[in-house]
1. Does region 265-279 hold any residues that are exposed (fewer than 14 other Cβ atoms within 10 Å of the Cβ) and not aliphatic (A, V, I, L, M), and which are they?
2. Quick one: which helices (runs of 4 or more DSSP H) sit completely within region 1-107 and have at least 2 residues that are surrounded by fewer than 22 Cβ atoms within 10 Å (Cβ to Cβ), at pLDDT below 95 and charged (D, E, K, R)?
3. I'd like to know if region 140-152 contains one or more residues that are under 19 Å from residue 31 (Cα atoms) and without any contact (Cβ under 8 Å) to a residue 12 or more places away in the chain.
4. Mind counting the residues in region 109-120 that are over 9 Å from residue 39 (Cα atoms) and either within 20 Å of the chain's Cα centre (by Cα) or crowded, with 20+ Cβ neighbours inside 10 Å (or both)?
5. Do you know which residues across region 75-98 are under 16 Å from residue 154 (Cα atoms) and more than 20 Å from the chain's Cα centre (by Cα)?
6. If I ask for residues that are in contact with a Gly (Cβ under 9 Å, 6 or more places away or on another chain), within 15 Å of residue 142 (Cβ to Cβ) and not in a loop (DSSP other than H, G, I, E, B), which ones from region 114-126 would you list?
7. For residue 37, only one of the following conditions fails: (1) touching a strand residue (DSSP E or B) at 6+ places or on another chain (Cβ under 9 Å); (2) over 23 Å from residue 260 (Cα atoms). What is its number?
8. Evaluate the following for residue 230: is it under 29 Å from residue 36 (Cβ atoms) and either part of a loop (DSSP other than H, G, I, E, B) or at pLDDT below 95 (or both)?
Amino acid sequence: MQKAGLLLGGCARVWKSVRMASSGVTRRNPLENKVALVTASTDGIGFAIARRLAQDGAHVVISSRKQQNVDKAVNILQGEGLSVTGTVCHVGKAEDRERLVAMAVKLHGGIDILVSNAAVNPFFGHLLDATEEVWDKVLNVNVKAAALLIKTVVPEMEKRGGGSVVIVSSIGAFCPFPGLGPYCVSKIALLGLSKNLAIELAPKNIRVNCLAPGLIRTNFSRALWKDKATEDSMKESMHIRRLGEPEECAGIVAFMCSEDASYITGETVVVGGGTPSRL
């Protein structure tokens, strides 16, 4: 009887451990010692993502086009006890992309995670009124630079045995915003980029997924919510009738970069408050 009791007690402890592990209780740092690059990450969604990845245990390298923005963001995050460094990076410039990758490798020995978040929107108006210069700028930064940065990062991920890439698209890829035609077209292209790369990089154990934020309260989206009438009009398309917050995107990205998402690639997660996006 005593042996049976000990056996049952042992089984109970094992089962308790299994339940705790499955509930995440014992997994406080799911990205512990992972190295993450996040572009355009000194404000808004990118900043929230960088913070969350670092909170989950990653060493994060942030970037922005302006040194003062990098310094400010790094100071804030380091002040929270997070492992964050940063550098200036204009993703449209090859030398900046290469320096960003080299910095992460030099500081931390490799790269496990890339979040491609940088984007521009220099135009508002009818699609056919967009000039060739507008198209060149939008597609160069939003699409081509993302693809080339991923190309630069992949060899470093291979050395680590794999990795995770998250490309930030937009709800505008599914439900275009009026007046933002070139931007929305570029975000549609990112859905295709993630699908194609997911196929090509799967044999290298590199997963590629996409985040499609809806209307999130950031400086970048200010034109869509700066006055109450515009904001109320935008809310009409949402089931959850409020704007999203950057942190509501960050948790999804952290999940997609973790082992909890190890069987997910080539997918797009919409964080849009129920804005229509697909069947």
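The values are calculated or read from the model by the stated rules, or taken from the named source; none is laboratory data. Since the structure is predicted, the reported quantities are computational estimates derived from the model, not experimental observations. For neighbour counting, all protein chains shown are included, and Cβ atoms are generated from backbone atoms with ideal geometry for every residue, glycine included.
1. 274, 276, 278, listed by residue number.
2. Counting at least 2 such residues, we get 2-23.
3. Within region 140-152, not a single residue is under 19 Å from residue 31 (Cα atoms) and without any contact (Cβ under 8 Å) to a residue 12 or more places away in the chain.
4. Of the residues in that region, 6 qualify.
5. 94
6. Answer for region 114-126, where residues must be in contact with a Gly (Cβ under 9 Å, 6 or more places away or on another chain), within 15 Å of residue 142 (Cβ to Cβ) and not in a loop (DSSP other than H, G, I, E, B): just 115.
7. So residue 37 meets the others, but not (2).
8. Here the answer is no, as residue 230 does not meet what is asked.
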